Amino acid sequence: MKSPVVDYEACIGCGSCVEICPEVFELKNDDKAWVTGSGKCDSCNCQEAIDICPVQAISWSE
């Protein structure tokens, strides 16, 4: 099963992924997006979160 992963060095903390998939992504204290619910992509559109990332910091992992 594939799940989203965040490249923390590339992430700029814009929060777009959190707006689209709050069940999957969360901005932590370091202002970086973290995957907190990788198995919940069925409740939101993880692909849209990947596509909207302005620095392409999110991808699929298998």
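Looking across the range 3-27, just one residue is assigned to a loop (DSSP other than H, G, I, E, B), in contact with a helix residue (DSSP H, G or I) (Cβ under 6 Å, 6 or more places away or on another chain) and without any contact (Cβ under 8 Å) to a residue 24 or more places away in the chain, and that is 23. Take the residues in the range 46-60 that are among the β-branched types (Val, Ile, Thr) and in contact (Cβ under 8 Å) with a residue 40 or more places away in the chain; name whichever of them is surrounded by the fewest Cβ atoms within 10 Å (Cβ to Cβ). Result: 55.
Looking only at the range 28-45, decide whether some residue is among the hydrophobic types (A, V, I, L, M, F, W, C), assigned to a loop (DSSP other than H, G, I, E, B) and in contact (Cβ under 8 Å) with a residue 40 or more places away in the chain. Within the range 28-45 (the criterion being among the hydrophobic types (A, V, I, L, M, F, W, C), assigned to a loop (DSSP other than H, G, I, E, B) and in contact (Cβ under 8 Å) with a residue 40 or more places away in the chain), the answer is no, since none of the residues qualifies. For the condition among the hydroxyl-bearing types (Ser, Thr, Tyr) and over 9 Å from the mean Cα position of the chain (by Cα), residue 3 qualifies. Can you name every residue in the range 46-62 that is under 15 Å from residue 3 (Cα atoms) and assigned to a loop (DSSP other than H, G, I, E, B)? Those that are under 15 Å from residue 3 (Cα atoms) and assigned to a loop (DSSP other than H, G, I, E, B): 57, 62.
Bear in mind these aren't lab numbers, they're just calculated from the coordinates by the rules spelled out. Keep in mind that what you see is a predicted model, and the values were worked out from it rather than measured. A quick note on method: Cβ atoms are made from the backbone with ideal geometry, for glycine too, and the neighbour counts reach across all protein chains shown.
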